[in-house]
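The values are calculated or read from the model by the stated rules, or taken from the named source; none is laboratory data. For clarity, every value in this text was computed on a predicted model and none was experimentally measured. Ideal geometry is used to build each Cβ from the backbone, glycine not excepted, and the neighbour counts take in all protein chains shown.
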Amino acid sequence: MNEIQNTIPLSIPNISGNELKYVKECLETGWISSAGSYVDKFEQMVAEYAGVKYGIATMNGTAALHLALILAGVKPKDYVIVSNLTFVASANSIKYTGADPIFIDADPKTWQMDLDLLDEFLNNKTSINSDGERILISDGRCIKTIMPVHIQGNIFDFDRFKLICEKYNMSFIEDAAEALGSKYKGQSAGTFDKLGVFSFNGNKIISTGGGGVIVTNNKLLAKKAKHLSTTAKVDPMLYYHDKVGFNYRLVNVLAAIGVAQMEQLPSFVSKKQFIGNYYRVNLFGVGDVEFQHVNDDVDHNDWLFTIKTKYQKELLKYLNINKVMSRPFWMPMNQLPMYENYYYVTKKDNCKIIHDSCLSIPCSTGITEKDLKKVVKKIKKFYNSCI
Ligand SMILES: Cc1ncc(COP(=O)(O)O)c(C=O)c1O
């Protein structure tokens, strides 16, 4: 236990607001389960913060992605184009629908989906069938939608992405799981097409323990999302369900935590950005450290601060031994056994380079300046004495 207590954690929840008060209220009134006012309030707060009309809360971000794909009409045997550098839930949610992912390599600087590759792929390998659907030429299967993932809360050149989508008549669903608080030209991540998804698991910028929200401006989609997430129940009195729905809703007691977290979100975003700036200034020119490139149009939430170095393995080992928790990037999808034989659009496999050279360093919103200084000191010491 002491060992853990003395370690500077990577990115842990910050429970310093009204969480206990609101949860206590749920416990005292008995409203702990699927009904209760905190669910509605949490949905409204997330939607309002993101600047959209509707939010639909779910038990986690993966369930939210699954529902969003169903709402976008993704069916078995379809394809969905998705970033190869992502957390496994993006690809899994596609598989849950019976569709298959087509992975796109990452841009070496921003680590987001490479838009040159996306454009080239759609241009060279796809066409339109007699029903007006975009298909993969080699097997005639429909490419239903695109799922860009805002890796680490960063956002790519969205204007260009939208032009590509318009050119090929493609819709998209944003996996904005990590990007609550990030903006492109002043507009919130997750709100650029009909459906976007946020996650609130333990390491996210706010957390409900586990949770997710689908955001949309479309009333019908919002209604359908709520319906599907609540076992497609038609009548609250009679047990009448009109579809094979899902039990994906977020419970009131967790939504209560979410409301308390949302109250603090602006200060959490500021703190994450403070931490990001601190590291950018203090690690600039240290060893061979490089940072994720952020385009000028992007207001980055700096969710999980990550550096790039050719000494990744050695630095990871050194920091973890020295009680500074650090972790590599997630393994790219094409390297996982269940996805290694899927279509991967790449030239240089930038995902491998990023995966082999990046590591995330402590950036919890509750981190002290003393601990930030300690992290920087350890990294400097590593470069001065270990290589
Ligand atoms: C990019 C990305 N997509 C999806 C998810 C899934 O969210 P959850 O863990 O809430 O199911 C996460 C986070 O865990 C994520 O980082």
- Which pairs do you get when a residue that is in contact (Cβ under 8 Å) with a residue 24 or more places away in the chain and hydroxyl-bearing (Ser, Thr, Tyr), found in the range 42-66, comes within reach of a residue that is within 9 Å of the ligand (Cβ to nearest atom) and not in a helix (DSSP H, G or I), reach meaning Cβ atoms under 6 angstrom, with the pair 6+ apart or on two chains? Thr58/Gly212
- Considering each residue of the range 140-191, count those that are under 25 Å from Tyr343 (Cβ atoms) and either without any contact (Cβ under 8 Å) to a residue 12 or more places away in the chain or away from the ligand (no atom under 15 Å from the Cβ) (or both), and give that number. 20
- Inside the range 57-89, the number of residues satisfying the requirement of being assigned to a helix (DSSP H, G or I) and near the ligand (Cβ under 9 Å from one of its atoms) is 7
- Those residues of the range 200-256 which are crowded, with 18+ Cβ neighbours inside 10 Å and either part of a strand (DSSP E or B) or in the same structural domain as Gly366 (by TED's automatic domain parsing) (or both), in sequence order: Gly212, Val213, Ile214, Val215, Thr216, Thr230, Arg249
- Item | Hits in the range 202-217 (condition: small (Gly, Ala, Ser), over 18 Å from Ser182 (Cβ atoms) and modelled with pLDDT of 95 or more) | Gly209, Gly210, Gly211
- Leading residue by the ranking (surrounded by the fewest Cβ atoms within 10 Å (Cβ to Cβ)) among those in the range 268-283 that are assigned to a helix (DSSP H, G or I) and more than 20 Å from the chain's Cα centre (by Cα): Val281
- Can you name the residue in the range 1-43 that is assigned to a helix (DSSP H, G or I) and under 20 Å from the mean Cα position of the chain (by Cα) and, of all such residues, is nearest to Ala260 (Cα to Cα)? Phe42
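Assess whether Ile15 counts as being out of contact with any strand residue (DSSP E or B) (no Cβ under 8 Å at 6 or more places or on another chain), modelled with pLDDT of 95 or more, surrounded by fewer than 17 Cβ atoms within 10 Å (Cβ to Cβ) and not basic (Lys, Arg). Working first, answer last.
Numbers: out of contact with any strand residue (DSSP E or B) (no Cβ under 8 Å at 6 or more places or on another chain): yes; modelled with pLDDT of 95 or more: yes; surrounded by fewer than 17 Cβ atoms within 10 Å (Cβ to Cβ): yes; not basic (Lys, Arg): yes.
Judged against the criteria, Ile15 is a match.
Can you tell me which residue among Val294, Val376 is outside the structural domain of Lys183 (by TED's automatic domain parsing), surrounded by 15 or more Cβ atoms within 10 Å (Cβ to Cβ) and part of a loop (DSSP other than H, G, I, E, B)? First the steps, then the outcome.
On the way: Val376 fails: part of a loop (DSSP other than H, G, I, E, B).
Matching residue, one of Val294, Val376: Val294.
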- Query: Restricting attention to the range 305-347, and to residues there that are charged (D, E, K, R), touching a residue at least 40 places away in the same chain (Cβ under 8 Å) and more than 22 Å from Pro9 (Cβ to Cβ), which single residue is surrounded by the most Cβ atoms within 10 Å (Cβ to Cβ)?
  - Reply: Lys310
